[in-house]
Amino acid sequence: MSFKVPIDIPLSDSQGSCHQLPPSKLAVNVEGLSKCYRIYEHPRHRLLQTLWGNRRRFYKEFWALHELSFQLQRGETLGVVGRNGSGKSTLLQLVCGTLTPSTGRVKVQGRIGALLELASGFNPEFTGRENVFLNGSVLGLSQTEVEQRLDKILAFADIGPFIDQPVKAYSSGMAIRLAFAVQAHVDPDVLVVDEALAVGDELFQRKCYAHLEQLKARGTSILLVSHSCPQIVQHCDQALLLHKGRARLYGEPQRITVVYQRLSNATDQEWDQALAEHNETTTTRQRLDQGPGEEISREEGMRILEPLSGSEQVEPWLDRSLRPSSTVLYPSKGARIECLTIETAGGQPANILPYGLDFALRFDYQAEDSLPGLAFGCHIVSHSGQRVSGQVFPEQRETLNNVQAGDRWSIRFSFRGGLWPGMYFVGGGIWVPGDGDLFLHRVVDFRALRILANGQIDAIGACSLQAGPAKLTSSGVYRPG
C-alpha cells in the first residue's frame, strides 16, 4: 500500500523563490518521513499476527505522522506547533533516531542533542555527576572532554550538593536543569527541545533561552516544540504547523502562530475550511504578483505549505470555544456578577485581539438584597498568574449607593492595548468598602483573552505603558567643547 502526500515544504530565499539548500548548509534533511503504528484490540491479536504473517491483518493502522519533508539550515531555528496528538513529539523522536520511520529518511549532520522527556537518558540510581559523564559518553565525548565542560555544566544546572545525590531523589525541575545543562554544553550541531523548558521556573527558562541564542549564534540548529506562541515568534526563524499528523502550514512564525491560535479549539472541518480559504488567498496573491501572460499551475496553486509572510492585518474576533478550565466562582452574598463580556473599544464582542488594540471589559451585575454602598473591580492576569492590570469603580474609595434588591446594571472598564501577545485571564469582584473590604461576590479566571502579534514586537516588561513615541528632548545632543 502506497501513501503519498501531494504537498511538499519548499524553502525560500529572500525573494521567495523555492530551492534546495546545498549539502554544506544543511543540518537536518527530512525526506518523505512518516510513522505508522499497529493498534491491536486484544493482546492475543499480536500472537495471531505473528502466526499468520502477511496473510491476514489483526490490527488497525494509525498514522501518527504522514509523509513530511523539510530542510533545516545550520544556525536556523524551526518551531513546531500544533495541538496535542498532532505528531510533534513523533517528529522529534524520528529526527533524534529514538523511533524508526515507517517511510522516508532523516539525515542529520553532526552531533545531535535532545531534550525529549524529563531526565531522558539518566540512570535514576546514578548520581547527577555520574549521569553527566554517562550522557557525555553517549553523545560521543571522551571523559577528558566532559571534565573540561563539567564546571560550566554544574554552574548552569545550579542544583548545589544534589549533584552528588541519586537522580531518583531529584524534583522534576532539578532533573530538567541538569538534563538541559548537559545537552547544551556538549556543543551539539543540532539541538532538539520538546516542551522541556516549560517545567522550569521563569529565571531558569530565561537562562535557557539566552543560552539557546548563544548556541544559535555559534551555528547550532534548533528544532523547538512549544505551545508558547510568543516564544516561537521570538526565537524561531521558521515555523511548522502540524494537525492530525499532517503538515498544514510552513513559513514565517508570526503568521503561522496566528493561524494556529485561531484554530486551536476548532473542529477538523473548521481546520480544513480555514486552510482552504488560506490557500485560496495565497493563490490569489501569487496571481496578482505575476506579470501579464504568466500562468500559475493548478499544482502550485493548491500547495498549502508555501512560506507565508506576516503582512496581513490581524482582525479581532470572538472564539466561543475559548473558555478557561481554571474558572472559580465564589458564592454570592447579596449581589453577583452575572456576565462578563470582552469588547473592542467600538463595542464588538471579541476575545481574540491584535496587539495594540484598545479593549473593554463589560460586567453585568444584579443585586439580590438592598445594599447601602458597593465598590467594583476587575483584574487581568497572565497565564502564570501574574496580575498585570486592573481597575476599580468608583474611584477615590467612593461607592455606588442605594442599591435595591432586583436592580441590574453594567460597568464598562476600558483598557489601552498594551498587553503583550499571549494568553490572559479576566476576573472581578463586588465588595463593601470598609474594614477588610468584604467581598459579596468574586469570580476568578472567568473569561480568557488572547492577544496576537501583528508585527515585529520588542517586548520589554510585563506590558506596554508607552503613551507615545520617544522623542529627542528640545536640548538635542550636547557636545562639550
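The values are calculated or read from the model by the stated rules, or taken from the named source; none is laboratory data. All values derive from a computational prediction rather than experimental measurement. FYI the Cβ positions are ideal-geometry reconstructions off the backbone, even for glycines, and counts take in every protein chain you see. These area figures cover heavy atoms from the full protein model, side chains too; ligands, DNA and RNA do not enter into them. Shrake-Rupley method; radii C 1.70, N 1.55, O 1.52, S 1.80 Å.
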### Query
Which one is modelled with the highest pLDDT, of the residues in the stretch 448-472 that are under 27 Å from V259 (Cβ atoms) and open to solvent by 80 Å² or more (accessible area, probe 1.4 Å)?
I460
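Quick one: is D319 touching a residue at least 24 places away in the same chain (Cβ under 8 Å), among the charged types (D, E, K, R), closer than 23 Å to F439 by Cα and not in a strand (DSSP E or B)?
Spelling it out, it is not the case that D319 is touching a residue at least 24 places away in the same chain (Cβ under 8 Å), among the charged types (D, E, K, R), closer than 23 Å to F439 by Cα and not in a strand (DSSP E or B).
For every residue, the table says whether it meets (1) aromatic (F, W, Y); (2) under 30 Å from N29 (Cα atoms); (3) modelled with pLDDT under 85.
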site: I159; (1), (2), (3): no, no, no
site: Y170; (1), (2), (3): yes, no, no
site: G173; (1), (2), (3): no, no, yes
site: A181; (1), (2), (3): no, yes, no
site: D187; (1), (2), (3): no, yes, yes
site: D194; (1), (2), (3): no, yes, yes
site: R206; (1), (2), (3): no, yes, yes
site: A210; (1), (2), (3): no, yes, yes
site: Q214; (1), (2), (3): no, yes, yes
### Summary
Within the stretch 39-95, of all residues that are among the β-branched types (V, I, T) and without any contact (Cβ under 8 Å) to a residue 40 or more places away in the chain, the one farthest from S228 (Cα to Cα) is T50
### Summary
Note on the stretch 404-437: residues loosely packed, with under 12 Cβ neighbours inside 10 Å and on the phi < 0 side of the Ramachandran plot are Q404, R408, S410, D435
### the stretch 87-107, subset surrounded by fewer than 20 Cβ atoms within 10 Å (Cβ to Cβ) and among the β-branched types (V, I, T), residue modelled with the lowest pLDDT
T98
### Summary
Matching residues in the stretch 218-237 (open to solvent by 40 Å² or more (accessible area, probe 1.4 Å) and either aromatic (F, W, Y) or modelled with pLDDT of 85 or more (or both)) number 2
### Task
Determine which single condition R111 fails, assuming it passes every other condition in (1) crowded, with 16+ Cβ neighbours inside 10 Å; (2) within 30 Å of D164 (Cβ to Cβ); (3) touching an Asp or Glu at 6+ places or on another chain (Cβ under 6 Å).
(1)
### Message
Looking only at the stretch 380-434, count every residue that is of a type in the set (S, T, N, Q) and in contact with a helix residue (DSSP H, G or I) (Cβ under 9 Å, 6 or more places away or on another chain) and tell me the total.
### Response
1
### Message
Restricting to the stretch 238-251, name every residue that is open to solvent by 10 Å² or more (accessible area, probe 1.4 Å) and assigned to a loop (DSSP other than H, G, I, E, B).
### Response
K244
### Task
Please give the number of the condition E67 fails out of (1) under 23 Å from E195 (Cα atoms); (2) touching a strand residue (DSSP E or B) at 6+ places or on another chain (Cβ under 7 Å); (3) surrounded by 16 or more Cβ atoms within 10 Å (Cβ to Cβ).
(1)
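Go through the stretch 137-154 and count every residue that is open to solvent by less than 70 Å² (accessible area, probe 1.4 Å) and modelled with pLDDT under 85.
Number of matching residues: 3.
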### Members of the stretch 367-387 that are in contact (Cβ under 8 Å) with a residue 24 or more places away in the chain, within 41 Å of the chain's Cα centre (by Cα) and open to solvent by 30 Å² or more (accessible area, probe 1.4 Å)
H383, S384, Q386
### Message
If G418 meets every condition in (1) within 24 Å of H227 (Cβ to Cβ); (2) small (G, A, S); (3) without any contact (Cβ under 8 Å) to a residue 40 or more places away in the chain apart from one, which number is that one?
### Response
(3)
